[in-house]
Every structure is written in C-alpha cells, then in structure tokens.
Amino acid sequence: MLIYSMSVSVDGFIADREGAFGWTAPSEDLFRFHLARVRELGCHLCGRKLYETMLVWETDPSLRATELEAAFADVWCALPKVVFSRTLDSVQGNARLAEGSVAEEVAAALAATDKDVEIGGAGLAAAAIELDLVDELRMFRYPIVVGGGTPFLPPVTKDVRLDLVETRTFGSHVIYERYGRVREENEVM
C-alpha cells in the first residue's frame with residue numbers, strides 16, 4: 001500500500017508562507033507514534049526538500065541525545081529511501097536517486113517489500129495522487145492556522161472518495177487522521 005503522510009495545519013498546509021514548519025515539532029507521545037509507524041515501512045519515497053530535512057537523522061549525532069531519538073535515527077537510517085530530485089547528483093546513507101518515473105518507482109518499491117511504502121513531500125505526493133497511486137492519506141493535524149504556504153493536497157480534477165479509517169488525539173492536541181482511498185469496483189488498484 002502507498003501512504004502519503006505529513007504534518008498539516010488546520011487550514012491544510014505542511015509549511016507556512018515562508019516555508020517554515022517549526023510548529024510541527026512532535027510531543028513525546030506523538031514522536032513515539034512516529035517511531036512505531038516508520039518501523040512498519042518497507043521504503044520511503046521522498047522529494048529533495050523532505051530528504052534534505054530528514055537527512056539530519058543520519059548525519060547529526062546530537063539528534064541521538066535521548067533513547068527515543070536514537071531509536072528513531074536507527075529506524076530512519078535503516079529504511080530504504082528513493083529520492084526524487086532534479087538538482088542532486090548523489091544522496092547519502094540508505095538512499096538512492098530515483099531513476100524511473102513516479103509510477104515506475106512506486107511500483108518497484110511496492111514490489112520490493114511486503115510492507116507499506118510511504119511517499120512524502122508535497123510535490124512528489126501530488127504527482128502520485130494525480131496518477132491515482134496513493135492508497136491512504138495520513139494527516140497529523142496541528143492546532144494552528146498558518147494562512148498559506150505549501151498545501152498538503154494538490155488541486156484535483158475529480159472527487160477522490162475516502163473512508164475515515166482511524167483517528168487519534170495526542171496530548172499536544174494534534175489529531176491523527178487516517179483515510180483509506182475508496183476504489184470503485186471497476187477501478188484498477
């Protein structure tokens with residue numbers, strides 16, 4: 001299954017007008033949830049910005065200051081990653097640059113594991129949504145309105161039906177929303 005998961009403001013943005021997302025710092029219970037969630041993935045497909053943002057978990061020893069941070073860094077480092085970029089010549093750690101199209105790389109990632117695959121980065125996820133490849137949307141909705149910025153979802157040309165599969169509220173008042181894609185009987189998955 002291909003999952004698109006990001007932190008999002010109440011008004012639907014993953015970064016504000018200046019590109020900042022400091023308001024998405026997770027509480028300890030939410031961080032533990034992220035750790036458990038990432039442990040269950042077989043691969044992560046990411047755009048350049050998300051790759052560069054998350055690279056610190058592989059390169060910055062100060063992010064291993066606590067047992068929880070060290071556990072997340074270990075899981076993130078071990079997770080295979082495919083990076084989509086027009087500007088990077090190389091990537092580090094357990095990552096490789098995408099060589100195929102979004103559809104080809106998604107198919108290859110899903111075929112290479114019996115676990116779920118996650119896609120992240122608004123532009124990359126938008127391409128996968130446009131190609132109707134995303135099976136689940138997972139939002140971590142933060143109690144903030146930022147008034148503009150990078151939207152979680154792209155504009156769509158037809159309705160995308162979803163089923164609410166799960167919700168959970170964390171102590172920090174972040175609401176986790178998990179939606180499954182409703183596919184019509186004649187649709188190819």
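Please treat every number below as a calculation from the coordinates, not as lab data. The structure displayed is predicted, hence computed values, not measured ones. With ideal geometry, Cβ positions are generated from the backbone for all residues, glycine too; neighbour counts draw on all protein chains shown.
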field: Where LEU68 falls short, out of the listed (1) in contact with a Gly (Cβ under 8 Å, 6 or more places away or on another chain); (2) part of a helix (DSSP H, G or I)
entry: (1)
- prompt: Among the residues of region 74-87, which ones are surrounded by fewer than 20 Cβ atoms within 10 Å (Cβ to Cβ), within 17 Å of LEU124 (Cα to Cα) and in contact with a helix residue (DSSP H, G or I) (Cβ under 6 Å, 6 or more places away or on another chain)?
  reply: SER85
Residues of region 1-30 satisfying the condition of being surrounded by fewer than 18 Cβ atoms within 10 Å (Cβ to Cβ), assigned to a helix (DSSP H, G or I) and not polar (S, T, N, Q): GLY22, TRP23, GLU28, ASP29
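Out of everything in region 88-108 that is hydrophobic (A, V, I, L, M, F, W, C) and closer than 15 Å to GLU58 by Cα, what residue ends up being nearest to the chain's Cα centre (by Cα)? Reasoning before the result, please.
First, the residues of region 88-108 that are hydrophobic (A, V, I, L, M, F, W, C): 88, 91, 95, 97-98, 102-103, 106-108.
Cutting the leftovers down to closer than 15 Å to GLU58 by Cα gives us 91, 95.
Numbers: VAL91: 18, ALA95: 15 Å.
The selected residue is ALA95.
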message: Kindly evaluate VAL56 against the criterion of being within 18 Å of ALA125 (Cα to Cα) and either within 16 Å of the chain's Cα centre (by Cα) or without any contact (Cβ under 8 Å) to a residue 40 or more places away in the chain (or both).
response: no
task: Restrict the check to region 41-48 and report whether at least one residue is in a helix (DSSP H, G or I), within 23 Å of PRO155 (Cα to Cα) and either small (Gly, Ala, Ser) or within 18 Å of the chain's Cα centre (by Cα) (or both).
output: yes
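Return a yes/no flag: does region 129-147 have any residue that is more than 18 Å from GLY42 (Cβ to Cβ), part of a strand (DSSP E or B), free of Cβ contacts under 8 Å to residues at least 40 places away in the same chain and acidic (Asp, Glu). Reasoning before the result, please.
To start, the set of residues in region 129-147 that are more than 18 Å from GLY42 (Cβ to Cβ) comprises 129-132, 137, 139-147.
So of that shortlist, the ones also part of a strand (DSSP E or B) come out as 137, 139-142.
With the extra rule that they be free of Cβ contacts under 8 Å to residues at least 40 places away in the same chain, the set shrinks to none.
Looking for residues that are more than 18 Å from GLY42 (Cβ to Cβ), part of a strand (DSSP E or B), free of Cβ contacts under 8 Å to residues at least 40 places away in the same chain and acidic (Asp, Glu), one finds none in region 129-147, hence no.
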